[in-house]
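Asks: Please find one structure pasted underneath; my questions will follow.
Taken together, the values in this text are just the output of simple stated rules run on the coordinates, not laboratory data. Keep in mind that this is a model prediction, so the values were computed, not measured. Using ideal geometry, Cβ is built from the backbone for each residue, glycine included, and neighbour counts are taken over all protein chains shown.
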Protein chains: 2
Amino acid sequence: MKTIFGHIAIVGLGLIGGSLARVVKQRKLAHTVSAFGRNIERLQKARELGLVDNCYKRFEDGLHEADAVVIATPVGIIEEQVRALAPYLRGGAVVTDVGSVKGPLVAALEPRMPRGTFFIGGHPIAGTENSGFESSFAELFEGRICVLTPTRQSDAGALERVRKLWIAAGSSVVLMDAEVHDRIVAAISHLPHMVAFTLVNAIAGMKNFKQNILEYSAGGFRDFTRIAASDPVMWRDIALMNRDNLLQTLDFFTRALEDLKDAVYSGDGDKLEELFKQSRDTRRGI
Amino acid sequence: MKTIFGHIAIVGLGLIGGSLARVVKQRKLAHTVSAFGRNIERLQKARELGLVDNCYKRFEDGLHEADAVVIATPVGIIEEQVRALAPYLRGGAVVTDVGSVKGPLVAALEPRMPRGTFFIGGHPIAGTENSGFESSFAELFEGRICVLTPTRQSDAGALERVRKLWIAAGSSVVLMDAEVHDRIVAAISHLPHMVAFTLVNAIAGMKNFKQNILEYSAGGFRDFTRIAASDPVMWRDIALMNRDNLLQTLDFFTRALEDLKDAVYSGDGDKLEELFKQSRDTRRGI
């Protein structure tokens, strides 16, 4: 593969940051990789594994070397991280991120970047219910979609380099308005997670059984619990940052649930069968 | 393995009936296996594969040979099937079933069996989102729980033979009151399926996007759609037969959802993090 950046800095070596470091090294997408984070032992571990060349706790120590910076921290602190590192950016540097919510970040950051530096919002739609560097792997982005959310003010060259990075990591890149992105992920990702969390809590909260009813769980419920094991802090931040879109999808879901409850209540077999067939047809269409 | 029945009849060769025929033949749990069903070609296919010895469309043709009858039809027609076959049972025969709802069946059937024949309600908690004979396999019951729901009037010998059959098929057998069973599966299985169906329908019904948003689905939503591909007719019948318990769990879930929505609406990060942690802890405890 062709080298895309001379020196890439990755802020936060969790599942996404760690996987990005691995694929960048494996495919030689940058000459040099620096990692920034609070947990210096984890960073040193990554250096020992040959996944990064340098590791730093403080932006002032090495960030000026980088011509690309990928913020892979929890979404709730991306804005403050970019603000903190901005003064140390070299001219021409492009900053991008991997946060699951884009609208507030793009609006807050893009217009306020130091002259001659650029912010391009990004969201690789990849991940597992496991978080952390220990779960990272170079193939995480393979065959997945990465959404980039440039605005009319975005620098075309900066956008193109970020796009090439994700394509080289194995993803298809889709350009999208940040607000549209946030509405789509509210529907397709944030709502399902909220429903899974709620379902697991509701069932675990049913105390009127002598048995441990979780022992009787078969396929269906186990799939839900897998999703519901996702990182609580990340999901708290997503719910707060994408609040309005999420509330809309929750209302939409609630209305669909009321329809189903009405059909169960009135014993309307035709309606139930129709609802379940719809659902199966949607699955088959994916 | 020791032979448990001389001649076992399986009514309905779908996922469960087909898998039972396979394991019975493979482990020689009966000398002879007869299959009954409407689709005589499918039954003949099973006979050609050596999974059953005889196949019949009509109970009058071969049922009197069987000392055990397992009803593996969709749950909605189990009661009528048992009523239809009862006149042809031989003395001492034990009838059991595999339906996901037990209370109404046990109450309707057990007291009305012909003198000297027995009904023991059963529910092997095993299954995949795939249905049909084509998806059947001998290991389906391995390591799973099979619930039997005897009453005080149940014949101890009949119960013991059915118990041995499921143990020999690889399952752990749990004896339980039919009403308790129905409340547990409402929580742990029927509610999650209703939620998955509803979620998939709600998301598919969000028409205010130019994009086909289903293309952006990552792990979480795909797990839901897998569940939501389950057989619509089976789930219609389950919802109708376990209506009262299901409505209770749906109400319980709705209240939990309202709590979550309140926390999102008011931007209560501490509450959200607490809810998501609870959910993760439940998963870890399973």
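Asks: Quick one: angle between helix B:15-26 and the longest Cα principal axis of chain B, in degrees between 0 and 90, rounded to 10, please.
Replies: The angle comes out at about 50 degrees.
Asks: Further question on the same structure: Which residue in A is nearest the A/B rotation axis when you measure from the C-beta atom, and what is the distance in Å?
Replies: In residue-and-Å form, the answer is A:Asp223, 2.
Asks: Which value, in debye to the nearest 20, describes the size of the charge dipole of chain B about its Cα centre when Lys and Arg Cβ atoms bear +1, Asp and Glu Cβ atoms bear -1, and nothing else is charged? Intermediate results must be reported in sequence, preceding the final value.
Replies: Details: 35 positive and 34 negative charges, 149 e Å.
Around 720 debye, computed over chain B.
Asks: Would you mind listing the distances between the A:Gly143 label point and the same position in each other copy? Use 7 Å along Cα-to-C-beta, nm, one decimal, shortest first.
Replies: 2.4
Asks: Measuring from label point to label point, each 7 Å out along Cα→Cβ, what is the A:Thr128 to B:Asp268 span in nm?
Replies: So the label points at A:Thr128 and B:Asp268 sit 3.5 nm apart.
Asks: Is there a pair in A:Lys261/B:Lys277; A:Lys45/B:Lys271; A:Lys102/B:Lys261 whose C-alpha atoms are over 24 Å apart, and which pairs would that be? Provide the component values of the computation, followed by the final result.
Replies: On the way: A:Lys261/B:Lys277 28 Å; A:Lys45/B:Lys271 35 Å; A:Lys102/B:Lys261 21 Å.
Listed pairs above 24 Å: A:Lys261/B:Lys277; A:Lys45/B:Lys271.
Asks: May I pose another question? Once the Cα gyration tensor of region A:231-270 is diagonalised, what are the square roots of 5 times its eigenvalues, in whole Å and ordered largest first, as equivalent ellipsoid semi-axes? Working shown, then result.
Replies: Working: eigenvalues 198, 23, 6 Å².
Each semi-axis is √(5λ); the values are 31, 11, 5 Å.
Asks: OK, next. What is the helix-to-structure angle for B:191-204, meaning the angle in degrees between its Cα long axis and the longest Cα principal axis of chain B, kept from 0 to 90 and rounded to the nearest 10?
Replies: Roughly 50 degrees, rounded to the nearest 10.
Asks: Counting only other residues whose beta carbon sits under 15 Å from that of A:Thr117, what net charge do I get with K and R as +1, D and E as -1? Before the final figure, lay out the partial values.
Replies: Numbers: positive: A:Arg83, A:Arg90, A:Arg112, A:Arg115, A:Arg161; negative: A:Glu65, A:Asp67, A:Asp97, A:Glu110, A:Asp155.
Computed value for this residue: 0.
Asks: What FRET efficiency comes out for the pair A:Ile40/A:Phe137, r = Cβ-Cβ distance, R0 = 22 Å, nearest 0.05?
Replies: Values: r = 23 Å, r/R0 = 1.03.
E(calc), rounded to 0.05, equals 0.45.
Asks: Take B:Leu247 and B:Asn212, extend 7 Å from each Cα along the Cα→Cβ direction, and tell me the distance between the two endpoints in nm.
Replies: The modelled label-to-label distance comes out at 4.0 nm.
Asks: Here's something else I'd like to know. Lys and Arg at +1, Asp and Glu at -1: add these up for the other residues within a Cβ distance under 15 Å of B:Trp166 and post the number.
Replies: Numbers: positive: B:Lys2, B:Arg22, B:Arg27, B:Lys102, B:Arg144, B:Arg161, B:Arg163, B:Lys164; negative: B:Asp97, B:Glu139, B:Glu142, B:Glu160.
So the environment of B:Trp166 carries a net charge of +4.
Asks: Using a 10 Å cut-off on Cβ to Cβ distances, tally the other chain neighbours for every residue of B:232-242 and report the average as a whole number.
Replies: For this peptide, the per-residue mean of nearby foreign Cβ atoms is 5.
Asks: Moving on. 7 Å along Cα→Cβ for the label point: how many nanometres lie between A:Gly269 and each equivalent label in the other copies, listed shortest first?
Replies: 5.3
Asks: Separate question: How far apart, in nanometres, would the label points at A:Arg58 and B:Lys164 be if each is projected 7 angstrom from Cα along the Cα-to-Cβ direction?
Replies: Label at A:Arg58, label at B:Lys164, 7.8 nm between them.
Asks: How do B:143-150, A:65-72 rank on mean C-beta neighbours within 10 Å, highest first? Working shown, then result.
Replies: Numbers: B:143-150: 20.2, A:65-72: 24.8.
Packing proxy ranking, top to bottom: A:65-72, B:143-150.
Asks: Run through region B:1-86 and list the trypsin sites (Lys or Arg not before Pro) located in a DSSP loop whose Cβ has at most 11 other Cβ atoms within 10 Å.
Replies: On the way: sites: B:Lys2, B:Arg22, B:Lys25, B:Arg27, B:Lys28, B:Arg38, B:Arg42, B:Lys45, B:Arg47, B:Lys57, B:Arg58, B:Arg83; in loops: B:Lys2, B:Arg27, B:Lys28, B:Arg38, B:Lys57, B:Arg58.
Answer by residue number: B:Lys2, B:Arg38, B:Arg58.
Asks: Would you mind estimating how fast the protein assembly as shown diffuses translationally, via Stokes-Einstein at 20 °C and 1.002 mPa s with the Kirkwood radius over Cα pairs, in µm²/s?
Replies: Working: Rh = 26.2 Å.
Value of D from the Cα-based Kirkwood radius: 82 µm²/s.
Asks: Another question, then. Once Lys and Arg get +1 and Asp and Glu get -1 on their Cβ, which of B:His181, A:Pro150, A:Val24 lies farthest toward the positive end of the dipole of the protein assembly as shown?
Replies: Of B:His181, A:Pro150, A:Val24, it is A:Val24.
Asks: HN-Hα J couplings of region A:43-51 from phi, Karplus 6.51/-1.76/1.60, θ = phi - 60°, integer Hz, Gly and Pro as x?
Replies: 5, 5, 4, 5, 5, 4, 6, x, 8
Asks: Under 5 Å between amide hydrogens, which residues at least 5 positions from B:Val147 or on another chain qualify, with H placed 1.01 Å from N in the peptide plane?
Replies: Excluding prolines and chain starts, which carry no amide H, the hits are B:His123, B:Ile125, B:Val174.
Asks: Once the other residues with Cβ under 13 Å from the Cβ of B:Arg27 are scored (Lys, Arg +1; Asp, Glu -1), what is the net sum? Display every interim value, and only then the final one.
Replies: Details: positive: B:Lys2, B:Arg22, B:Lys25, B:Lys28, B:Lys164; negative: B:Glu139, B:Glu142.
Here the charged neighbours net out to +3.
Asks: Let me ask something else about it. Among B:Ala263, A:His123, A:Phe276, whose Cα lies farthest out toward the positive end of the dipole of the protein assembly as shown, if unit charges sit on the beta carbon of Lys, Arg (+1) and Asp, Glu (-1)?
Replies: A:His123
Asks: Need one value for B:205-213: mean number of C-beta atoms belonging to other chains within 10 Å of its residues' C-beta atoms. Please report the intermediate quantities before stating the final value.
Replies: Values: counts 6, 10, 0, 4, 5, 1, 4, 2, 7.
Across B:205-213, the average partner-chain Cβ count within 10 Å equals 4.
Asks: Provide an ascending nm list, one decimal, of label-point separations from B:Asp61 to the equivalent residue in each further copy; define each label point as 7 Å from Cα along Cα→Cβ.
Replies: Inter-copy label distances (nm, one decimal, shortest first): 8.2.
Asks: When DSSP beta bridges are limited to those with both residues in region A:5-176, what percentage is antiparallel, rounded to the nearest 5? Numbers along the way, then the final one.
Replies: Numbers: 4 of 28 bridges.
If I count the DSSP bridges inside region A:5-176, around 15 percent turn out antiparallel.
Asks: Shape of region A:5-176 from its Cα gyration tensor (a ≥ b ≥ c, root eigenvalues): rounded if a/c is under 1.5, otherwise prolate when a/b > b/c, or oblate?
Replies: Details: a/c = 1.45, a/b = 1.15, b/c = 1.26.
Because its axes are fairly even, with a/c under 1.5, region A:5-176 counts as rounded.
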